[in-house]
Amino acid sequence: MHHYETLTKGELIKIVADKAGIPNRTATLAFEAITDEITKALSKGKRVALVRFGSFSVSKRAARMGRNPLTKQEIRIPTKKVPRFKPSRELKKRVSRK
């Protein structure tokens, strides 16, 4: 069984605050501004590219037939937009080195 650690939003904000030498509140505001703007861009169908990190985009998942696991009855699952993340080549390299 694998054990994965999770870096929480609060921990990430603390790290940013410490590295940048800014108060936690300022780092929180910056973090929330960034995530809000990424979310707004994606909701408008835009792509967000962060050089040397990766890009966020939206793709459309086609409608399909599924099955209710409790009743086994077939159900139609509608078309849906889903966010995607594609890591940059550099990010892939850095992660594989660790």
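A few points about this structure:
- Members of region 45-62 found to be of a type outside the set (S, T, N, Q), within 28 Å of Ile77 (Cα to Cα) and part of a strand (DSSP E or B), listed by number: Val48, Phe56, Val58, Lys60, Arg61
- All of (1) open to solvent by less than 50 Å² (accessible area, probe 1.4 Å); (2) under 22 Å from Pro87 (Cβ atoms); (3) in contact with a Ser or Thr (Cβ under 8 Å, 6 or more places away or on another chain) hold for Ala41 with one exception: (3).
- Arg52 meets all of the listed conditions (1) on the phi > 0 side of the Ramachandran plot; (2) out of contact with any helix residue (DSSP H, G or I) (no Cβ under 8 Å at 6 or more places or on another chain) but one, namely (2).
- Any hit, region 64-85, residues being assigned to a loop (DSSP other than H, G, I, E, B) and surrounded by 10 or more Cβ atoms within 10 Å (Cβ to Cβ): no
- For beta carbons closer than 9 Å, sequence separation of 6+ or different chains, a first residue in region 73-90 that is over 20 Å from Arg52 (Cβ atoms) and hydrophobic (A, V, I, L, M, F, W, C) and a second that is open to solvent by 80 Å² or more (accessible area, probe 1.4 Å) and assigned to a strand (DSSP E or B), the qualifying pairs are Ile75/Met65; Ile75/Arg67; Ile77/Arg61; Ile77/Arg64; Ile77/Met65; Val82/Lys60; Val82/Arg61.
The values are calculated or read from the model by the stated rules, or taken from the named source; none is laboratory data. Values in this document were obtained by computation on a predicted structure and should not be read as measured data. No Cβ is skipped: glycine too gets one built from the backbone with ideal geometry, and neighbour counts run over all protein chains shown. Just so you know, the surface numbers come from the protein's heavy atoms only, side chains and all, with ligands and any DNA or RNA stripped out. Shrake-Rupley method; radii C 1.70, N 1.55, O 1.52, S 1.80 Å.
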